[in-house]
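The values are calculated or read from the model by the stated rules, or taken from the named source; none is laboratory data. Predicted model only: the values in this text are computed from it and were never measured. Cβ sites come from the backbone with ideal geometry, for glycine too, and all protein chains shown count toward neighbours.
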Amino acid sequence: MDKNGSYLVTAPKQEKGTPMADTQIATINFKEEALRLLPEGASFEACLTCGLCSSGCPASGIENMDPRKFIRMAELGMDVELSTTPWVWCCTQCKRCHHVCPMNIDISQLVFLARSNWPEDKKPSGIVRSCQMILATDSTSAMGLPPADFVFVVDDVLQEVRATQPAFQHLQAPMDKQGAHFFVNQNSREPMSEPDEMVPLWKIFHLVGADWTYSSKGWAAENFCMFSGNETAWYEVIKKRVDAVNELGCQVWLNTECGHSYYTMWQGVKRFNLTANFRLESLITYYARWIREGKLPVNSKWNTKGIKFTVQDPCMIVRKAYGDAIAEDMRFVTRALVGEENFIDMQPNRSANYCCGGGGGFLQAGMTEHRRTYGKRKFDQIAATGAAYVLTPCHNCHSQMEDIGHFYGGNYGVVHFWTLICLSLGILGDNERTYLGPDLLELLD
Amino acid sequence: MKEETRNFTTQLAIIGSGIAGFAASIFAVNRKIATAQIGNTGAVAYTTGYLDLLGKMDGAQAAVNDPWQALEQLRKSQSNHPLSRVAVADIHRGFNEFTAFLGECGIAYSQPEKRNITALTPVGTLKQTLCVPATMAAGPRAFAAKKPCVIIDFIGLKGFSGRQVVANLQDRWPNLGTQRIAFPDMVHGEIYPEVMARALEVPATREKLAYTLKNAAGQAKVIGLPAILGMHCPDHVRAELERLTGLEIFEIPTMPPSVPGIRLRELFEQVLPKKGVTLIPQQKVTALDFDDRGATLSLFDSYGPIRIQAQTVILATGRFLSGGLEAHPDGIREHLLDLPVTQPADRTHWYHDRYTDPRGHAIHRAGIEIDDTFRPLRLDGRPYSDRLFAAGIIIAHQDWIRGRSGAGIAIATAFRAVAEAERYLLAETNPEKRV
């Protein structure tokens with residue numbers, strides 16, 4: 001330890017990324033910080049050490065740490081160990097420990113604090129780089145796609161659909177439309193890597209007659225600055241996005257199929273006391289509403305082979321934000337799409353669901369072995385359903401469940417809701433079927 | 001960005017999510033009463049899964065074999081005990097209704113019989129209980145018949161030791177042995193019953209474990225496992241393992257965090273909303289106000305403020321662990337309405353010097369007072385509100401731990417509180433029937 005109370009530590013093992021310098025991590029007084037961070041009446045000293053948190057945490061055991069141990073070590077003043085444990089990058093801050101704790105103890109706040117305390121060059125480089133990319137352009141895209149390129153890709157794909165799919169020759173993908181009702185965000189993965197995946201969403205908006213727009217600024221969904229523990233950067237991202245929505249005068253910021261984008265925006269607006277002249281809403285809620293109103297006349301008649309589906313509840317929009325109400329909407333939409341008898345719920349589910357291990361920046365952290373260990377519980381959940389497909393409105397969940405499925409020898413696919421909605425409606429284009437397995441493709445032929 | 005308050009209206013609001021709160025929801029659902037239930041994660045996750053009615057009488061050396069007869073004695077010796085304020089027939093009905101509901105929803109239980117069951121504890125001691133989950137039922141039977149049996153424990157599982165169970169039972173169960181085995185595909189040092197239970201819902205894991213269990217059983221035809229036989233379909237998991245091994249298998253509860261309690265909590269949280277209950281788990285009611293038209297409950301969840309308008313309310317907030325009562329330097333207070341709490345005169349009388357003092361501790365009998373219709377009382381003896389009822393261990397004059405009567409008090413008082421709430425609702429709907 002040096003005279004400033006800092007320790008030299010080794011950075012977490014990463015498979016990729018730039019070499020780390022031996023910089024220092026300052027020591028946090030966790031007990032003191034807990035008093036500052038926790039709401040009045042809450043206390044880590046109230047911990048009964050019952051272990052419900054650790055029992056229900058997929059990160060338990062990784063790096064020889066678990067939530068209960070974290071609290072006990074904080075109570076014992078083991079601040080050096082906690083300040084430097086790489087486990088804070090394996091905890092996805094999913095808040096399941098908080099959810100099951102009889103004493104209502106929230107450990108994720110201390111994990112965020114610990115993350116923010118790491119020097120930038122010690123943090124997992126994948127998360128830091130993604131944050132830097134977000135800050136680099138007005139798009140706020142973690143993949144660094146500039147506004148002009150986003151505008152070009154959207155228009156290019158739109159023109160192709162109009163030319164090749166006669167039923168959609170009048171399809172719209174408005175850009176920077178002043179006063180549109182919905183300001184629609186988009187995960188960068190689509191325009192950057194799989195642009196055809198944007199089309200099913202546009203078709204859905206087209207069918208329901210939605211008044212919507214993309215924005216050339218602040219359109220991207222992802223926010224790794226929050227995961228990196230960089231509060232200043234988190235603020236900058238959210239400020240840029242809020243300004244973009246305010247400038248266009250939209251009434252609703254509509255979060256598409258991306259989990260953490262909603263949480264970071266919603267929490268960011270509150271945390272930084274930003275003026276948002278609009279509502280924050282989830283596309284899932286609107287899917288359910290449009291189906292109930294008959295605007296999306298989906299049905300399950302296409303599922304003639306009784307293909308089974310389950311649903312993954314993203315922590316960021318269910319447990320950490322809307323609660324079970326949106327989980328019910330997800331199930332309503334799923335049942336309408338695949339048939340009541342073909343829906344099998346994961347156990348546990350809704351607010352009690354396990355994080356998949358793709359959240360919190362884990363997918364970008366380069367800690368693959370740990371991430372897959374974490375994901376084993378999700379794999380078991382999916383395997384227990386026997387479902388052929390998992391539906392989820394979250395890109396991180398999507399990628400993680402695909403990866404652990406391959407790694408542990410699973411035999412399931414992962415699909416977006418927009419894909420299945422368009423499949424059900426018979427309007428899924430040839431290029432929009434990336435995530436369909438042979439069983440579903442066969443039904444389309 | 002404006003936070004909008006979400007508003008709900010209901011006939012009955014139940015505050016609390018322990019066994020009493022959930023039992024009240026079940027009874028209300030069965031009576032077609034529109035119900036909302038709110039409560040922070042209760043101690044329900046700590047339960048063994050056994051449903052005790054009455055296992056020990058104060059001052060008696062022996063455990064209670066016939067709980068129904070013991071209830072009659074209790075009525076004479078402790079007329080203000082909550083179990084003495086519920087008719088025995090109603091207690092029986094309550095247990096029947098509660099266990100039948102659990103069975104219909106996926107966790108089979110034994111029905112209440114005339115006598116208590118001698119059941120195994122996590123450390124191999126014995127206790128008296130009224131109803132046990134079907135996954136545990138073969139244990140007491142095997143013990144009673146002294147069948148050759150092997151208790152299995154697992155490498156890395158803390159809080160359950162086959163050696164300890166055998167050491168405590170060997171004098172009374174001569175053919176009892178133990179084996180320690182590895183659980184399939186568990187890579188970390190410490191493993192938890194919850195994780196094992198969920199893994200056993202995967203057929204491939206069951207097949208791997210069955211292979212190991214067959215070898216560990218040796219000549220025995222009966223094996224006892226810590227409670228890990230699945231989380232949401234335990235009877236199926238047990239049946240499958242029995243089919244794969246050809247053995248009779250039973251569960252023994254483990255120390256918290258234990259699977260039987262989590263099973264119950266997840267069952268309640270999934271089933272009750274499907275049956276129409278507005279369930280807001282994991283949250284505490286921050287304010288409860290009454291006026292001529294009803295009660296207003298205020299609370300917050302992750303998303304923002306919630307307000308519930310209810311015609312009647314059942315207070316089932318538990319005691320200290322669940323936050324229904326709070327211990328302060330100047331005394332014990334009821335958290336939500338500041339109801340008067342019957343309690344020792346001062347802190348020096350809360351506990352005897354020795355924790356294991358056979359007389360028990362006065363603080364464990366603290367609680368609120370109720371009238372004959374289960375309405376909490378003010379200091380002057382009047383009901384706090386005609387719309388407010390109480391259930392569970394927040395009610396004074398009982399020491400449920402010493403009496404082995406936790407589930408009994410919860411179920412019996414919930415049964416009565418719902419009956420009284422229903423009576424009030426009927427009278428409000430039809431004023432001419434008001435008593």
Output the residues belonging to the range A:53-72 that are over 14 Å from residue B:194 (Cα atoms), within 10 Å of chain B (Cβ to nearest Cβ) and part of a helix (DSSP H, G or I).
-> A:62, A:64, A:68, A:69
Just to be sure, is residue B:229 of a type outside the set (Val, Ile, Thr), more than 11 Å from every other protein chain (Cβ to nearest Cβ), buried (at least 21 other Cβ atoms within 10 Å of the Cβ) and under 25 Å from residue B:118 (Cβ atoms)?
-> yes
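Checking the condition within 18 Å of residue B:388 (Cα to Cα) and not acidic (Asp, Glu), which residue from B:362, B:345, B:295 passes? Reasoning before the result, please.
Working: B:362 fails: within 18 Å of residue B:388 (Cα to Cα); B:345 fails: within 18 Å of residue B:388 (Cα to Cα).
Sole residue among the options that is within 18 Å of residue B:388 (Cα to Cα) and not acidic (Asp, Glu): B:295.
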When residue B:271 is run through (1) surrounded by 18 or more Cβ atoms within 10 Å (Cβ to Cβ); (2) part of a loop (DSSP other than H, G, I, E, B), the failure sits at (2)
Take the residues in the range B:235-251 that are touching a residue at least 24 places away in the same chain (Cβ under 8 Å), in contact with a strand residue (DSSP E or B) (Cβ under 7 Å, 6 or more places away or on another chain) and in a helix (DSSP H, G or I), then tell me which one is farthest from residue B:122 (Cα to Cα).
-> B:241
Does residue A:403 count as over 21 Å from residue A:288 (Cβ atoms), part of a helix (DSSP H, G or I) and without any contact (Cβ under 8 Å) to a residue 60 or more places away in the chain?
-> yes
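Answer yes or no as to whether residue A:76 is away from chain B (no Cβ under 14 Å), on the phi < 0 side of the Ramachandran plot and buried (at least 22 other Cβ atoms within 10 Å of the Cβ). If you could, list the steps in order and put the result at the bottom.
Values: away from chain B (no Cβ under 14 Å): yes; on the phi < 0 side of the Ramachandran plot: yes; buried (at least 22 other Cβ atoms within 10 Å of the Cβ): no.
Against the criterion (away from chain B (no Cβ under 14 Å), on the phi < 0 side of the Ramachandran plot and buried (at least 22 other Cβ atoms within 10 Å of the Cβ)), residue A:76 does not qualify.
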Going through the range A:95-135 in order, the residues found to be over 12 Å from residue A:67 (Cα atoms), in a loop (DSSP other than H, G, I, E, B) and within 14 Å of another protein chain (Cβ to nearest Cβ) are A:102, A:103, A:104
Just checking, how many residues over the range B:285-325 are within 14 Å of chain A (Cβ to nearest Cβ) and crowded, with 20+ Cβ neighbours inside 10 Å?
-> 8
The one condition residue A:312 fails out of (1) touching a Leu at 6+ places or on another chain (Cβ under 9 Å); (2) farther than 30 Å from residue A:131 by Cβ is (2)
Can you tell me which residues in the range B:362-401 are over 21 Å from residue B:74 (Cβ atoms) and acidic (Asp, Glu)?
-> B:380, B:386
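Could you run through the range B:178-220 and say how many residues are aromatic (Phe, Trp, Tyr) and either more than 8 Å from chain A (Cβ to nearest Cβ) or assigned to a helix (DSSP H, G or I) (or both)? Full working, then the answer.
Taking the range B:178-220 and keeping what is aromatic (Phe, Trp, Tyr), we get B:183, B:192, B:211.
From what's left, either more than 8 Å from chain A (Cβ to nearest Cβ) or assigned to a helix (DSSP H, G or I) (or both): B:183, B:211.
Of the residues in that region, 2 qualify.
Yes/no per residue for (1) over 20 Å from the mean Cα position of the chain (by Cα); (2) among the basic types (Lys, Arg); (3) surrounded by fewer than 18 Cβ atoms within 10 Å (Cβ to Cβ):
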residue: B:128; (1), (2), (3): no, no, no
residue: B:131; (1), (2), (3): no, no, no
residue: B:147; (1), (2), (3): yes, yes, yes
residue: B:161; (1), (2), (3): yes, no, no
residue: B:205; (1), (2), (3): yes, no, no
Among the residues of the range B:386-435, how many are among the β-branched types (Val, Ile, Thr), over 30 Å from residue B:119 (Cα atoms) and surrounded by 17 or more Cβ atoms within 10 Å (Cβ to Cβ)?
-> 1
Scan (1) touching a Phe, Trp or Tyr at 6+ places or on another chain (Cβ under 9 Å); (2) farther than 25 Å from residue B:28 by Cα; (3) in a loop (DSSP other than H, G, I, E, B) for the single condition residue B:339 breaks and write down its number.
-> (2)
Looking at B:279, B:272, which is the one that is at the interface with chain A (Cβ under 10 Å from one of its Cβ atoms) and within 28 Å of residue B:21 (Cβ to Cβ)?
-> B:279
Taking first residues from the range A:327-352 that are within 8 Å of chain B (Cβ to nearest Cβ) and more than 16 Å from residue A:291 (Cβ to Cβ) and second residues anywhere that are part of a helix (DSSP H, G or I) and among the aliphatic types (A, V, I, L, M), the pairs with Cβ under 8 Å that are 6 or more apart or on different chains are A:347/A:384; A:349/A:327; A:350/A:318; A:350/A:327; A:351/A:318; A:351/A:327; A:352/A:100
Has the range B:209-222 got at least one residue that is more than 30 Å from residue A:101 (Cα to Cα), crowded, with 24+ Cβ neighbours inside 10 Å and out of contact with any strand residue (DSSP E or B) (no Cβ under 7 Å at 6 or more places or on another chain)?
-> yes
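Condition first: in contact with a strand residue (DSSP E or B) (Cβ under 9 Å, 6 or more places away or on another chain) and among the β-branched types (Val, Ile, Thr). Now tell me which residues in the range A:147-169 satisfy that. Quick ask: steps written out before the conclusion?
In the first step, residues of the range A:147-169 are kept if they are in contact with a strand residue (DSSP E or B) (Cβ under 9 Å, 6 or more places away or on another chain); the result is A:150-151, A:154-155.
A:151, A:154, listed by residue number.
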Determine which single condition residue B:36 fails, assuming it passes every other condition in (1) in contact with a Lys or Arg (Cβ under 7 Å, 6 or more places away or on another chain); (2) within 14 Å of chain A (Cβ to nearest Cβ).
-> (1)
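Only one residue in B:64, B:44 is surrounded by 19 or more Cβ atoms within 10 Å (Cβ to Cβ), within 14 Å of another protein chain (Cβ to nearest Cβ) and in contact (Cβ under 8 Å) with a residue 24 or more places away in the chain, so which one is that?
On the way: B:64 fails: within 14 Å of another protein chain (Cβ to nearest Cβ).
On inspection, the qualifying residue turns out to be B:44.
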Report, by residue number, each residue of the range B:1-18 that is among the β-branched types (Val, Ile, Thr) and either surrounded by fewer than 23 Cβ atoms within 10 Å (Cβ to Cβ) or within 14 Å of chain A (Cβ to nearest Cβ) (or both).
-> B:5, B:9
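Given the structure, is residue A:234 without any contact (Cβ under 8 Å) to a residue 60 or more places away in the chain and either away from chain B (no Cβ under 11 Å) or surrounded by fewer than 19 Cβ atoms within 10 Å (Cβ to Cβ) (or both)? Full working, then the answer.
Details: without any contact (Cβ under 8 Å) to a residue 60 or more places away in the chain: yes; either away from chain B (no Cβ under 11 Å) or surrounded by fewer than 19 Cβ atoms within 10 Å (Cβ to Cβ) (or both): yes.
In short, yes.
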Looking only at the range B:289-299, decide whether some residue is modelled with pLDDT under 95 and β-branched (Val, Ile, Thr).
-> no
Residue A:85, sole failed condition from (1) within 14 Å of another protein chain (Cβ to nearest Cβ); (2) within 22 Å of residue B:191 (Cβ to Cβ) = (1)
